[in-house]
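Q: This is the structure I want to talk about, given as structure tokens.
The values are calculated or read from the model by the stated rules, or taken from the named source; none is laboratory data. As the structure is a prediction and not an experimental result, all values here were calculated from the model. Reconstructed Cβ throughout: ideal geometry from the backbone, glycine too, with neighbour counts over all protein chains shown.
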Amino acid sequence: MSKIHVTTTVNGDPVEFLADPRETLLDCLRDHLGLTGSKEGCGTGDCGACSVTLDDRLVCSCLVLGVEAEGRRVDTIEGMADADGLHPLQRKFIEHAALQCGFCTPGLLVAAKALLVQNPDPTEEEVRYGLAGNLCRCTGYDKIVRAVMDAAAEMRQEAA
Amino acid sequence: MSVAKPLPHDAARLHVTGAARYVDDIPAPAGALHLAFGLSEIAAGRITAIDLDAVRKAPGVVGVWEASDLPSDCDCSPSNHDEPLLSGHRIRYLGQPVFLVAATSHLAARRAARLGKLDYQSRDAILSVDEAMEADSRFEDGPRIWEKGDAGEAIDGAPHAIEGVIEIGGQEHFYLEGQAALALPQEGGDMVVHASTQHPTEIQHKVAHALGLPMHGVRVETRRMGGGFGGKESQGNALAIACAVVARATGRPAKMRYDRDDDFTITGKRHDFRIEYRAGFDDDGRLAGVEFVHLCRCGWAQDLSLPVADRAMLHADNAYHLPAIRIESHRLKTNTQSATAFRGFGGPQGMLGIERVIDHVAHALGRDPLEVRRVNYYAGETVAGAEGGAAPRRPAVAPPGSISGKMKEPGQDLASRGGAEGPSDAGAPAVPAGVQTTPYGQVVEDFILHEMTDRLVERSDYAARRRAVAAWNAANPVLKRGIALTPVKFGISFTLTHLNQAGALVHVYQDGSIHLNHGGTEMGQGLFQKVAQVAAAEFGVAPEMIRITATDTGKVPNTSATAASSGSDLNGMAAQAACVTIRERMAEHLARLHQDEARDVRFAEGQVHVGGNRLSFAEAAALCYEGRVSLSATGFYKTPKLKWDRIRGQGRPFFYFAYGAACSEVVIDTLTGENRILATHILHDCGASLNPAIDRGQVEGGFVQGAGWLTTEELVWDGDGRLRTHAPSTYKIPACSDRPDIFEVDLWDGRNREETIYRSKAVGEPPFMLGMSVFFALQHAVSACGPGWPDLQAPATPEAVLAAVRRARDGV
Ligand code: FES
Ligand code: FES
């Protein structure tokens, strides 16, 4: 199948790649751009390991075609830390030991960040339901919820 | 000192930035091939014709292999040499790999693998335990039977008796990272394999066998797994072998990963069990005798089923002293995926059997199940003569002749006198009067559940909440609540005694930095961090000075799987031994330089104190290097005291026991069967924890996974043997929203009485079984619907709960 030329922005940088039109955005990120932080846990939109944002909307990159990224802005886990260091969510995940095997972690962080953009002051319940689309088989979620709550509090303080 | 600190996972920073590499993230070298299996569409029968033309012609396809194209049978079995990589003509389960495709991309390989045209002649598949029993389709020549006393007589002579059956479903591992391997061909026909595996040595062995190489021709490296849980103990063999075969044949690197559906369809899961039971007891619920029949569905190949079924038998007592017991275990061969290791390794199924008996007894007597549990507990630590009941607390001084007194004398092997070597005519070992033994003759000498239960009852406010639940249930006709507190006693060690060994390799470089390697693999459980903390403590340096490196069969050979919760026990000790060797060499040299005694040289806080001087560790290392001291050492450890005869079921298979208890409260909707966990309190024993943050994580994750097994995780095969629940869309593991509103976890503050690494205890598997508290809380909630025996089956899905509600209502 002939490939399609895609021009897009990933983590703020303009990028181009050639995609088989059947390839998912997840495969394009991993195989063409070498951004392997987004993971495939199911390939069917059920686990959240592949979470990225597309023009600030949280999506499962396994359910988006690579060619759909044309002209849009993709943000992945690789863009989460900036020159000043780790994002508060990343720091809190480390502090609270909110990860074990770490395979779900990139997706969870991206989803948690998107959640806090929409709702900077969530209740614990809102965090639990907000992240229900991101499966983790290792941690039992408790420390993840705590880390997100703690990061949210810190981010609110910084914003104030 | 770095041990006992809650330091973060060694790769935490890599994980949160997405930089941690798993096998599929390793950049594939140019020209790498991607593999996929073509799978059988029937469960049993023969392939009569196979046409792979369309596969060969599909875009991107570079090669296609059938069984007859392989260099050998390419056996994948970890035990019985009964798992050819590709089926050949004989099909044994639906999903069995029949042919192998190599293509230029993962997508191309997968698409092509769907194009095979296979003609079959089906025969009747053996799918259920009933069909297998009917056909006498089994592993081993007959059932394993272990006995202690005469259980039949004890039951018949008891004032009351019950009998029943519980079906216990299997469980998909659902490691978030699917199986994956990458093979890189080397000069001279050698092979390097990167695999997501808990058992690199096994992969090395199987790849070497497949290629006809000695083991030194294959090197296997595993940096990390995205979860394992037992599912990567043997189930990764096929991918690694396939990659190696293709890499050998084409001279190109080969990579394979299963898609989630393929992973579900091809690989083994937790064994499902049917447990039939009969028990006799007195008015207090004290058990006089218990009989169990375990019917265990092992699938098409033997894999690890025998030790799994053994471990189920070994946990048929859980925390209870059973004066007479008979366990009969059938290991049934069926046309389904080959069931395999999964956290707990049969222990959870065996334990659920006896917990079910206790619950049934309590229901028959109209008592609080916790009372019945406590009446049957083993006697407390070092106490002789207490027959169940409230055992006295630990005496200040061990009574003369007590077990603990004996254990302290080095060189004595309790098991040799009390276990396997004892007279066998009565089937019970000769042990001192009043000492309590397990059904397999191991003396229970470290039982701390009396104290733990007291603490948890208090912590969870069990008594008041049980009354509150009763009040709620009296007032509410539709939503019913339930509460249960269940204990765990889990045996630690591989039951195949020779596996209880480990090696480590440590280098100190001239700048004082330290390279650490051991045979254990990292699957998220924090093993690398824990062992690094041990090394840091031994050298008195900060953990940052230690570089933990990927598990590598070229560095530490002949390792056991990272399994049976043994990772830090074994590898921590081996690493400690290596560190001590180097430290002693350093001390000796530095003492000589500074006119001091080697034993007075101290390594602490990044410094070495010698002859009144203080050197930095780096200076000390440089001095030793210049003094031509070897700064590299291996370490080795083997677990002491083990002795086990699995045929007779007698001996000391376990070095020690790990304990825990959980109290869960649930609510059910009696109209729909829907349910949720409201609160869980846990108290878990990690001995003197090496790293409380990591251990707590294991406890939380284990509990949730165990609760998932017994509630939402249901595997469904249709009549043709096709697994219908093969993705997260149809198979539901707990999600963030399932976490209980109240979830409190405490670690029991104690030391292992056995000499383990810094007196810690293993923590990988034991917490899994804390999930049982949820199941029995559900049963309690259902009991509130009527007087009938609810007979709840596992997993307690809404359907199962609803059926149990009906039984409770309709019953007498
Ligand atoms: S991989 Fe995209 S949701 Fe699971
Ligand atoms: S940390 Fe392993 S899946 Fe979440």
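Q: Could you count how many residues in region B:682-740 are within 13 Å of chain A (Cβ to nearest Cβ) and closer than 24 Å to residue B:339 by Cα?
A: 22
Q: With the requirement that a residue be touching a helix residue (DSSP H, G or I) at 6+ places or on another chain (Cβ under 9 Å) and more than 23 Å from residue A:118 (Cα to Cα), what does region A:33-61 give you?
A: The initial filter retains those residues of region A:33-61 that are touching a helix residue (DSSP H, G or I) at 6+ places or on another chain (Cβ under 9 Å), namely A:35-54, A:56-61.
Result: A:35, A:36, A:37, A:39, A:40, A:41, A:42, A:43, A:44.
Q: Given the condition more than 16 Å from ligand 2 (Cβ to nearest atom), farther than 22 Å from residue B:524 by Cα, assigned to a loop (DSSP other than H, G, I, E, B) and within 8 Å of another protein chain (Cβ to nearest Cβ), answer yes or no: does some residue in region A:63-78 qualify?
A: Of region A:63-78, the ones more than 16 Å from ligand 2 (Cβ to nearest atom) are A:63-76, A:78.
Narrowing the set further to residues that are farther than 22 Å from residue B:524 by Cα leaves A:63-76.
If we keep only those that are assigned to a loop (DSSP other than H, G, I, E, B) too, we end up with A:64, A:70-72, A:76.
Add one more test, that the residue is within 8 Å of another protein chain (Cβ to nearest Cβ), and what stays is A:76.
Yes - at least one qualifying residue is present in region A:63-78.
Residues checked against (1) in contact with a helix residue (DSSP H, G or I) (Cβ under 8 Å, 6 or more places away or on another chain); (2) within 16 Å of ligand 2 (Cβ to nearest atom); (3) modelled with pLDDT under 95:
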position	(1), (2), (3)
A:14	no, no, no
A:17	yes, no, no
A:80	yes, no, no
A:83	no, no, yes
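Q: Out of all the residues in region B:358-368, is one or more under 25 Å from the mean Cα position of the chain (by Cα) and either part of a loop (DSSP other than H, G, I, E, B) or farther than 25 Å from residue B:43 by Cα (or both)?
A: Looking only at region B:358-368, we keep the residues that are under 25 Å from the mean Cα position of the chain (by Cα), and these are B:358.
Subset that is either part of a loop (DSSP other than H, G, I, E, B) or farther than 25 Å from residue B:43 by Cα (or both): B:358.
There is at least one residue in region B:358-368 that is under 25 Å from the mean Cα position of the chain (by Cα) and either part of a loop (DSSP other than H, G, I, E, B) or farther than 25 Å from residue B:43 by Cα (or both).
Q: Quickly run through region B:68-79 and pick out the residues that are over 17 Å from residue B:335 (Cα atoms), surrounded by fewer than 20 Cβ atoms within 10 Å (Cβ to Cβ) and in contact (Cβ under 8 Å) with a residue 12 or more places away in the chain.
A: Initial filter on region B:68-79 (over 17 Å from residue B:335 (Cα atoms)): B:68-76, B:78-79.
The next check asks that each one be surrounded by fewer than 20 Cβ atoms within 10 Å (Cβ to Cβ); those that pass are B:68-73, B:75, B:79.
Matches in region B:68-79: B:68, B:70, B:71, B:72, B:73, B:75, B:79.
Q: Can you tell me which of B:100, B:33, B:39, B:94 is touching a Pro at 6+ places or on another chain (Cβ under 8 Å), crowded, with 23+ Cβ neighbours inside 10 Å and either acidic (Asp, Glu) or more than 30 Å from residue A:85 (Cα to Cα) (or both)?
A: Working: B:100 fails: touching a Pro at 6+ places or on another chain (Cβ under 8 Å); B:39 fails: crowded, with 23+ Cβ neighbours inside 10 Å; B:94 fails: touching a Pro at 6+ places or on another chain (Cβ under 8 Å).
Checking each option against the conditions leaves just B:33.
Q: Here's a follow-up. Which ones in region A:41-61 are more than 8 Å from every other protein chain (Cβ to nearest Cβ), within 14 Å of ligand 1 (Cβ to nearest atom) and over 12 Å from the mean Cα position of the chain (by Cα)?
A: Within region A:41-61, just A:45 meets the criteria.
Q: Within region A:134-154, work out how many residues are within 16 Å of ligand 1 (Cβ to nearest atom) and among the basic types (Lys, Arg).
A: 1
Q: Name every residue in region B:784-802 that is small (Gly, Ala, Ser) and part of a loop (DSSP other than H, G, I, E, B), in order of residue number. Give the steps one after another, and end with the answer.
A: Quick first cut of region B:784-802, residues small (Gly, Ala, Ser) only: B:784, B:786, B:788, B:794, B:796, B:800.
Selection gives B:784, B:786, B:788, B:796.
Q: Could you please let me know if residue A:22 is facing chain B (nearest Cβ under 9 Å), without any contact (Cβ under 8 Å) to a residue 24 or more places away in the chain and either within 13 Å of ligand 1 (Cβ to nearest atom) or in contact with a helix residue (DSSP H, G or I) (Cβ under 9 Å, 6 or more places away or on another chain) (or both)?
A: On the way: facing chain B (nearest Cβ under 9 Å): yes; without any contact (Cβ under 8 Å) to a residue 24 or more places away in the chain: no; either within 13 Å of ligand 1 (Cβ to nearest atom) or in contact with a helix residue (DSSP H, G or I) (Cβ under 9 Å, 6 or more places away or on another chain) (or both): yes.
For residue A:22, the condition - facing chain B (nearest Cβ under 9 Å), without any contact (Cβ under 8 Å) to a residue 24 or more places away in the chain and either within 13 Å of ligand 1 (Cβ to nearest atom) or in contact with a helix residue (DSSP H, G or I) (Cβ under 9 Å, 6 or more places away or on another chain) (or both) - is not met.
Q: Filter region B:720-744 for residues that are over 17 Å from residue B:697 (Cβ atoms), in contact (Cβ under 8 Å) with a residue 12 or more places away in the chain and not in a loop (DSSP other than H, G, I, E, B) and give the result.
A: B:723, B:738, B:742
Q: Can you tell which of A:44, A:53 is outside the structural domain of residue A:111 (by TED's automatic domain parsing), surrounded by fewer than 19 Cβ atoms within 10 Å (Cβ to Cβ) and away from ligand 2 (no atom under 16 Å from the Cβ)? Don't jump to the end; show me each part of the working.
A: On the way: A:53 fails: surrounded by fewer than 19 Cβ atoms within 10 Å (Cβ to Cβ).
Criteria check complete, one pass: A:44.
Q: Quick check: anything in region B:98-106 within 25 Å of residue B:223 (Cα to Cα), within 14 Å of chain A (Cβ to nearest Cβ) and outside any loop (DSSP other than H, G, I, E, B)?
A: yes
Q: Right, another one. For the subset of region B:6-30 comprising residues that are at pLDDT 95 or above and under 22 Å from residue B:250 (Cα atoms), which member is surrounded by the most Cβ atoms within 10 Å (Cβ to Cβ)?
A: By that ranking, first place goes to B:23.
Q: Working carefully through the options B:224, B:270, B:252, B:286, find the one that is basic (Lys, Arg), surrounded by fewer than 24 Cβ atoms within 10 Å (Cβ to Cβ) and out of contact with any Leu (no Cβ under 7 Å at 6 or more places or on another chain).
A: On the way: B:224 fails: surrounded by fewer than 24 Cβ atoms within 10 Å (Cβ to Cβ); B:270 fails: surrounded by fewer than 24 Cβ atoms within 10 Å (Cβ to Cβ); B:252 fails: out of contact with any Leu (no Cβ under 7 Å at 6 or more places or on another chain).
Residue meeting the stated conditions: B:286.
Q: Can I ask one more? Residue pairs, Cβ under 6 Å, 6 or more apart or interchain, first in region A:116-139 and within 14 Å of residue A:48 (Cβ to Cβ), second away from ligand 2 (no atom under 16 Å from the Cβ) and of a type in the set (A, V, I, L, M). List them.
A: Listed by first residue and then by second, the contacts come to A:130/A:115.
Q: Looking at region A:15-41 only, could you name the residues that are surrounded by fewer than 17 Cβ atoms within 10 Å (Cβ to Cβ), in contact with a strand residue (DSSP E or B) (Cβ under 7 Å, 6 or more places away or on another chain) and not hydrophobic (A, V, I, L, M, F, W, C)?
A: Looking only at region A:15-41, we keep the residues that are surrounded by fewer than 17 Cβ atoms within 10 Å (Cβ to Cβ), and these are A:16, A:18, A:21-22, A:34.
Narrowing the set further to residues that are in contact with a strand residue (DSSP E or B) (Cβ under 7 Å, 6 or more places away or on another chain) leaves A:16, A:18, A:21.
Across region A:15-41, the qualifying residues are A:16, A:21.
Q: Yes or no: region A:93-100 includes at least one residue that is surrounded by fewer than 20 Cβ atoms within 10 Å (Cβ to Cβ) and of a type outside the set (Ser, Thr, Tyr). Give the derivation first.
A: At the first step, the residues of region A:93-100 found to be surrounded by fewer than 20 Cβ atoms within 10 Å (Cβ to Cβ) are A:94-95.
Keeping just the survivors that are of a type outside the set (Ser, Thr, Tyr) gives A:94-95.
Yes, because at least one residue in region A:93-100 is surrounded by fewer than 20 Cβ atoms within 10 Å (Cβ to Cβ) and of a type outside the set (Ser, Thr, Tyr).
Q: Further question: Criterion first (within 16 Å of ligand 1 (Cβ to nearest atom), free of Cβ contacts under 8 Å to residues at least 40 places away in the same chain and within 7 Å of another protein chain (Cβ to nearest Cβ)) does residue A:102 satisfy it? Talk me through it step by step, then tell me what you get.
A: Details: within 16 Å of ligand 1 (Cβ to nearest atom): yes; free of Cβ contacts under 8 Å to residues at least 40 places away in the same chain: yes; within 7 Å of another protein chain (Cβ to nearest Cβ): yes.
Judged against the criteria, residue A:102 is a match.
Q: Continuing with the same structure: If I ask for residues that are in contact (Cβ under 8 Å) with a residue 40 or more places away in the chain and farther than 16 Å from residue B:106 by Cα, which ones from region B:54-67 would you list?
A: The answer is B:54, B:65.
Q: With respect to residue A:92, is the statement that it is basic (Lys, Arg), in the same structural domain as residue A:120 (by TED's automatic domain parsing) and at pLDDT 95 or above true? I'd like the intermediate steps shown before the answer.
A: Values: basic (Lys, Arg): yes; in the same structural domain as residue A:120 (by TED's automatic domain parsing): yes; at pLDDT 95 or above: yes.
Yes, satisfied.
Q: Right, next: Could you list, in sequence order, the residues of region B:303-326 that are in contact with a strand residue (DSSP E or B) (Cβ under 9 Å, 6 or more places away or on another chain) and assigned to a helix (DSSP H, G or I)?
A: Kept after step one, since they are in contact with a strand residue (DSSP E or B) (Cβ under 9 Å, 6 or more places away or on another chain), are these residues of region B:303-326: B:305-306, B:308-326.
Within region B:303-326, B:305, B:306, B:308, B:309, B:310, B:311, B:312, B:313, B:314 qualify.
Q: Among (1) facing another protein chain (nearest Cβ under 7 Å); (2) under 16 Å from residue B:18 (Cα atoms); (3) within 16 Å of ligand 1 (Cβ to nearest atom), there is one condition residue A:131 misses while meeting the rest; what is its number?
A: (2)
Q: Could you list, in sequence order, the residues of region B:161-220 that are of a type in the set (Ser, Thr, Tyr) and surrounded by fewer than 18 Cβ atoms within 10 Å (Cβ to Cβ)?
A: So in region B:161-220, the residues of a type in the set (Ser, Thr, Tyr) come out as B:175, B:196-197, B:201.
Across region B:161-220, there are no qualifying residues.
Q: Does residue B:752 satisfy the condition of being more than 19 Å from the chain's Cα centre (by Cα), away from chain A (no Cβ under 13 Å) and crowded, with 20+ Cβ neighbours inside 10 Å?
A: Working: more than 19 Å from the chain's Cα centre (by Cα): yes; away from chain A (no Cβ under 13 Å): yes; crowded, with 20+ Cβ neighbours inside 10 Å: yes.
It is true that residue B:752 is more than 19 Å from the chain's Cα centre (by Cα), away from chain A (no Cβ under 13 Å) and crowded, with 20+ Cβ neighbours inside 10 Å.
Q: When you go through B:709, B:717 one by one, which is the residue that is surrounded by fewer than 24 Cβ atoms within 10 Å (Cβ to Cβ) and in contact (Cβ under 8 Å) with a residue 40 or more places away in the chain?
A: Every option except B:717 fails the conditions.
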